[in-house]
Amino acid sequence: MLSVQVEHLSKRYQLGNVERHYKTLRDRLAGMFRPKPPVPADRRELWALRDINLEIQQGEAIGVIGHNGAGKSTLLKILSRITEPTEGVARLHGRVASLLEVGTGFHPELTGRDNIYLNGAILGMSRAEIRQNFDAIVEFAEVERFLDTAVKHYSSGMYVRLAFAVAAHLTPEILLVDEVLAVGDLEFQRRCLGRMNEVARSGRTVFFVSHNLGSIEALCPRSILMSGGQIIEDGPTAKVMARYTSRRSGESMFDLRAFADREGTGHARITGVEILTADGSEQADTVEFGQPFRVRLHWEALQRLSGAALGFALLTEKNERIFFTESIDTGASFDMAPGTGSGDCLLRNPNVVPGTYRLEVWINEIVGIAYADHLRMIGGLEIVPGTPGRVNVSALTEAGRGVVYVDAEWR
């Protein structure tokens, strides 16, 4: 039995200033003398989704992956009836609970207790049904001490725990979740995945958008890969993830000028990344285990930035961050004049076991507040065993050993 049916779904947004339906006398007089620059046709509109076709059976748990701007969240907003499609139709059979943003549907002035009833009513549940599940919701959210406190005083973690608990316990036939679990701690994420597994096993449908490929793999036997507002792969999760990661492979020099998966103000852009030997004298196609290497970020600043910080992280093939380092950690910041430049990060004692990894790089325009540019899942950095030493490197690559080596001594 079909739970979700999407046919030729498209969503178009208008870019630039939207004309108001009314104008004051001052607006009309000013408009008579203000020239209107022509707007190129390709700049006036954006198709966030284009001709999406999708069928999901009842009881399926389906993952949705893709880079920022691929159309994942737009698809969920249409399925949640938050926004209307420009073309096509989406049919959902059964009650829908959606968790798209932390605290969606919560009133900040009401207590946690009141918001459980309010949010449940918004989701279409009866008061008796909410009362029946009330204790389980409170226990899962771990907010019993603060149940009669206004939620505006809750931390973001408490907010998301309560919001998820309400959505997951009020027996919807279809549960839509969009990357909100990143707010919670690891234990909370584990419990959320367990709860979504229970929902799926009980014959209900789960539609899960996430950048955490490990969570997608654990929950969803089937996934779709989106890019440019279209579904470009639909099938077993392992196959879809393989295509997603293979689309982002590279060599020792990654040209990122045309890389689309980025976020930030755009006041500066990372144009390339190089993997170099420790002294920076030559490029390195591979890096030997335990040996130092250098990462060089090339940028182009479109305006002057004062006190910017550079950042670099290493990711697994499943988009899980192993570590990150930021220049500001050691007090290094950069004043970028309009034009091009580069910055180096030397990793003196890398302790990542052999394997293939991805890169994440960024320019922080305002540290902790705003990115100028931020890119994930770049290229393919290969760490190889190298010259045999006192460490049995081949043993480190066995399944279940993890990805980080710690220099430990046994006696």
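Summary table below
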{"item": "Residues within the range 180-193 that are at pLDDT 65 or above and of a type in the set (Gly, Ala, Ser), tallied", "result": "0"}
{"item": "Residue 290 vs. criteria small (Gly, Ala, Ser), open to solvent by 30 Å² or more (accessible area, probe 1.4 Å) and touching a residue at least 40 places away in the same chain (Cβ under 8 Å)", "result": "yes"}
{"item": "Matching residues in the range 106-117 - criterion: being part of a helix (DSSP H, G or I) and open to solvent by 60 Å² or more (accessible area, probe 1.4 Å)", "result": "113, 114"}
{"item": "Residue satisfying all of: in the range 228-243; under 20 Å from residue 378 (Cβ atoms) and among the hydrophobic types (A, V, I, L, M, F, W, C); surrounded by the most Cβ atoms within 10 Å (Cβ to Cβ) among these", "result": "240"}
{"item": "Verdict on residue 257 being closer than 30 Å to residue 339 by Cβ, at pLDDT below 90, surrounded by fewer than 16 Cβ atoms within 10 Å (Cβ to Cβ) and not aliphatic (A, V, I, L, M)", "result": "yes"}
{"item": "Tally, over the range 349-385, of residues that are touching a strand residue (DSSP E or B) at 6+ places or on another chain (Cβ under 9 Å) and either under 18 Å from residue 404 (Cα atoms) or of a type in the set (Phe, Trp, Tyr) (or both)", "result": "19"}
{"item": "Matching residues in the range 136-155 - criterion: being more than 16 Å from residue 105 (Cβ to Cβ), of a type outside the set (A, V, I, L, M) and in contact (Cβ under 8 Å) with a residue 12 or more places away in the chain", "result": "140, 142, 146, 148, 149"}
{"item": "Matching entry among 262, 222 (being touching a Lys or Arg at 6+ places or on another chain (Cβ under 9 Å), basic (Lys, Arg) and open to solvent by 20 Å² or more (accessible area, probe 1.4 Å))", "result": "262"}
{"item": "Test: residue in the range 336-352 that is farther than 25 Å from residue 218 by Cα, touching a helix residue (DSSP H, G or I) at 6+ places or on another chain (Cβ under 8 Å) and open to solvent by 10 Å² or more (accessible area, probe 1.4 Å)", "result": "yes"}
{"item": "Unique residue being in a helix (DSSP H, G or I) and at pLDDT 80 or above when the list is 177, 166", "result": "166"}
{"item": "Residue in the range 78-95 that is part of a helix (DSSP H, G or I), modelled with pLDDT of 90 or more and either surrounded by 10 or more Cβ atoms within 10 Å (Cβ to Cβ) or not aromatic (Phe, Trp, Tyr) (or both) present", "result": "yes"}
{"item": "Criterion (closer than 17 Å to residue 165 by Cβ and within 25 Å of the chain's Cα centre (by Cα)) met by exactly one of 121, 90, 97", "result": "97"}
{"item": "Tally of residues being open to solvent by 50 Å² or more (accessible area, probe 1.4 Å), of a type in the set (A, V, I, L, M, F, W, C) and out of contact with any helix residue (DSSP H, G or I) (no Cβ under 9 Å at 6 or more places or on another chain) across the range 319-335", "result": "3"}
{"item": "Selection status of residue 359, open to solvent by 30 Å² or more (accessible area, probe 1.4 Å) and either in contact with a helix residue (DSSP H, G or I) (Cβ under 6 Å, 6 or more places away or on another chain) or at pLDDT 90 or above (or both)", "result": "no"}
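The values are calculated or read from the model by the stated rules, or taken from the named source; none is laboratory data. Small disclaimer: the values here were computed from a predicted structure and weren't measured. Note that each Cβ is placed from the backbone with ideal geometry, even for glycine, and that neighbours are counted across all protein chains shown. Surface areas here come from the heavy atoms of the whole protein model, side chains and all, with no ligands, DNA or RNA. Shrake-Rupley method; radii C 1.70, N 1.55, O 1.52, S 1.80 Å.
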